[in-house]
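Everything on this sheet refers to the single structure shown next.
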Amino acid sequence: MSAASERWLIALDIDGTVLREDGVMNDPVIAAVAKVRDAGHEVMLATGRSVALTLPILERLSITPEYVVCSNGAITLRRDPDAPTGYARDYVETFNPSEVLTTIRSNLESANYAVEDEDGFYKFTGHFPEGTLGAASKKVEFDELLLAHATRVVVISPGHKIEDFLSVVERMGLHKVSYNVGWTAWLDIAPDGVNKATALERVRQLLDIPRSRVMAVGDGRNDIDMLEWASVDGRGVSMGQAPDEVIAASNERTASDIDDGVAALLEAF
């Protein structure tokens, strides 16, 4: 680049984007990320993952961005050489989960529930697949979930087909929170008005990068706000395997995670 003012803010989702759905990160993706990083662009992660599950991906990609967006926008990290992990919490949004939890439970009695706090610790009821919540978690009674302030509530209901789950969620009318439904019967709930886009807009302003030089890449329903945000003046790029509603939120599309779509996109950047 001829000047620092020409740098882009490039926000990458993790699962299904820089990582394949099976958890593999291919060498072409790592190399392409390094290429744009070395060119002086700000390459960061914007993910639904908790902090603990996000930081190892930074290491695998060999990037140290100024900011990292976790928990679907509820937590923004800032680089801090004095912090044990190299990052400190810069901005945290929380909410009282009691009303939304009781509402959902009355509609999905057999579902499994987890609440993440601002330190990334999960309390949960029922069963979550191993590794889903990370190491910092504790199984509790449902009523204990209602007490803590949350950055995120997670609900999984393996007994439902995704179409049925979407229908139930729609009927509940969760108006006081932000929520999205994943590839399976997985519901992520964040504080009202908080998502990847709100966090990235804050980061963009802090870095003083114009809206015309933002790129966001993702594949899931929790990426819709982020892709719409990037598409207004910049580049919102959906992965090849993304659902139709995610593709509709973007203004570009690349190849699938299996075909290293992020590598193809960044190599041509």
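Laboratory data are not the source of any read-out in this text; all were calculated from the coordinates shown. Just so it is clear, the model here is predicted, and its values are computed rather than measured. In this analysis, Cβ positions are derived from the backbone assuming ideal geometry, glycine residues included, and neighbour counts consider all displayed protein chains.
The aspartates and glutamates within cross-link reach of K123, meaning a Cα-to-Cα straight distance under 13 Å and a gap of 8 or more places when in the same chain, are E141, D143, E144. Listed values for the range 113-121 are Karplus-derived 3J(HN,Hα) couplings in whole Hz (6.51 cos²θ - 1.76 cosθ + 1.60, θ = phi - 60°), namely 10, 9, 10, 9, 9, 5, 8, x, 8, and x replaces Gly and Pro. A31 sits among other residues whose Cβ lies under 13 Å from its own Cβ, and their net charge, with Lys and Arg +1 and Asp and Glu -1, is -1. The mean sequence separation of alpha-carbon pairs under 8 Å and at least six residues apart, normalised by the residue count of the chain, gives a relative contact order of 20 percent.
Its relative contact order, with pairs defined as Cα atoms under 8 Å and 6+ residues apart, puts the range 98-191 at 28 percent.
With a Förster radius of 22 Å applied to the C-beta separation of D38 and R211, the computed FRET efficiency comes to 0.35.
With a simple spin-label model that places each label point 7 Å from the Cα along the Cα-to-Cβ direction, the separation between D80 and N96 comes to 2.8 nm. You can think of it this way: the chain between D233 and S106 has 41.5 nm of extra reach, that is 0.36 nm per residue less the Cα-Cα gap. Per-residue 3J(HN,Hα) values for the range 142-154, derived from phi via the Karplus relation 6.51 cos²θ - 1.76 cosθ + 1.60 with θ = phi - 60°, read 3, 4, 5, 5, 7, 8, 8, 6, 10, 8, 7, 10, 10 Hz in sequence order (x marks Gly and Pro).
How much FRET efficiency would the formula 1/(1 + (r/R0)^6) give for E66 and L146, where r is the Cβ-Cβ distance and R0 is 30 Å, rounded to 0.05? FRET efficiency, E66 to L146: 0.25. Among 156-163, 79-86, the peptide with the highest mean count of other Cβ atoms within 10 Å heads the list, and the full ranking is 156-163, 79-86.
When the helices of the chain are scored as -39500 (n - 2.57) per DSSP H run of n ≥ 4 and the total is divided over every residue, the value at 222 nm lands at -9000 deg cm²/dmol.
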